[in-house]
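Okay, structure first, notes after.
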Amino acid sequence: MAIIMSGKVMSAALMEEQKEQVADMKLRGIHPGLAVVLVGEDPASQIYVRNKGQACEDAGIYSRTIRLDAAVSQETLMSTIDELNADSRVHGILVQLPLPKHLDEGTILARVKPEKDVDGFHVVNAGRLFTAQHGVVPCTPKGILYMLKKAEVPLSGKHAVIVGRSNIVGKPAAMLLLNENCTVTICHSRTQDLPSIARQADVLVAAVGRPKFITADMVKPGAAVVDVGINRVDGRLVGDVDFDNAEKVAGWITPVPGGVGKMTISMLLQNTLEAACRQAL
Ligand code: GUN
């Protein structure tokens, strides 16, 4: 049976540390603040945004959610970001994705000042990660690495296989693991014989968005399996990994819910606190 890497337990411990850190910052006159911009009514995004706001409140971080109509123009959204860039109470700005199709995501993400880009989606921060320089690291990959390190999973020289090539998870996770001296393979929907590649993984990261896509026969015995999937099936949340069977083969595994998702929010708070400290210098 695998060791469970619990995001619930790890994020609860981090929350206690973050509360103390915020209290300490306030004594020094720094009141960290996060602004979340939500465009439209996507039900999953609404839940994520609510959870982010609640976590900020729990930690004592000032939080603002700006809700814009799904039909908002590119210009209005850009000027909303400009206002937040100029607002000294706001140290972190997050534009919840996905955006409605008529909006140009790349241009919008590039409008956020890189020092306020707590998602790490600005090309400047993506470039820093790509060149192993200090910058803001996207929350989900940062959470994945945090869990692997906390569980003391060996990384250096190991084969990490990432299933999924998104800008939010797959690509930055690959860079982070490469920076940890893993040998990294990125698989995606066009990969030939994905199961045989997955079976070579010492660290297997599943970020495909398909329920139970990773079956137990695709897991190398003793591997660390990280499940980034959040899929709703018959009203229940399930990951991209067939947990019940994979757990019998893996050395470590993350559950869904209570796994990576919790860490994403913890890392968002961490990025916000780091941004606030840097901006106070
Ligand atoms: N949509 C899904 N995941 C994320 C995330 O980490 N950040 C933002 N801004 N949008 C998302």
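A few notes on this one:
- Here the range 149-211 is treated with +1 on each Lys and Arg Cβ and -1 on each Asp and Glu Cβ, and its dipole about the Cα centre works out to around 180 debye.
- The alpha-carbon of K101 sits under 16 angstrom from the alpha-carbons of these aspartates and glutamates, leaving out residues fewer than 8 places away in its chain: E41, D42, D69, E75.
- Square roots of five times the Cα gyration tensor eigenvalues for the range 43-89, Å: 22, 17, 5
- Debye-formula intensities of the range 152-281, expressed as log10 I(q)/I(0) at q = 0.09, 0.14, 0.15, 0.22 Å⁻¹, are -0.27, -0.62, -0.70, -1.35 (one equal scatterer per alpha-carbon, no solvent).
- For the set D217, D202, the ranking by accessible area, highest first and with no ligand, DNA or RNA atoms included, is D217, D202 under a 1.4 Å probe.
- With all protein chains in place and a 1.4 Å probe, the accessible surface of the range 172-259 carries 49 percent carbon and sulfur.
- Share, in percent, of DSSP beta bridges within the range 7-97 that are antiparallel, nearest 5: 0 percent
- Pairs from K26/K116; K116/K158; K116/K212; K150/K248; K113/K150 whose Cα-Cα separation, in the structure shown, is over 26 Å: K116/K158; K116/K212; K113/K150
- Surrounding net charge for D217, when Lys and Arg each add one and Asp and Glu each subtract one, Cβ distance under 11 Å: +1
- GNM top mover of P43, P114, P172 - the chain, alpha-carbon springs below 10 Å: P43
- Choice from A224, A250, A12 showing the highest fluctuation, given a GNM over the chain with Cα pairs closer than 10 Å: A12
- With viscosity 1.306 mPa s and temperature 10 °C, the Kirkwood radius over alpha carbon pairs of the range 81-138 converts through Stokes-Einstein to a diffusion coefficient of 134 µm²/s.
- Portion, in percent, of the accessible area of the range 23-81 that falls on carbon or sulfur, probe 1.4 Å: 52 percent
- In this entry, the chain is assigned a mean projected area of 14.5 nm², taken as a quarter of its C-alpha convex hull surface.
- Pairs of Cα atoms farther than 26 Å apart, the range 35-150, %: 19 percent
- Length gained when the stretch E41-N245 is fully extended (0.36 nm per residue, less Cα-Cα span): 69.9 nm
- CD proxy at 222 nm, helix term only [per DSSP H run n ≥ 4: -39500 (n - 2.57); per residue of the chain; nearest 500]: -13000 deg cm²/dmol
- Longest site-free stretch - the chain; sites: GluC sites (Glu not before Pro), DSSP loop, at most 15 other Cβ within 10 Å: 153-281
- 5 angstrom amide H check on H159, placed H, neighbours 5+ away: T183, D202, V203
- Per residue accessible area in Å² of the chain, where ligands, DNA and RNA are left out and the probe is 1.4 Å: 47 Å²
- The distance separating the Cα centre of the range 102-149 from that of the range 197-259 comes to 25 Å.
The values are calculated or read from the model by the stated rules, or taken from the named source; none is laboratory data. Note that the structure is predicted; figures quoted are calculated from it, not measured. A quick note on method: Cβ atoms are made from the backbone with ideal geometry, for glycine too, and the neighbour counts reach across all protein chains shown. Each accessible area value is taken on the protein alone, full model and side chains, heavy atoms only, with ligands, DNA and RNA left out. Shrake-Rupley method; radii C 1.70, N 1.55, O 1.52, S 1.80 Å.
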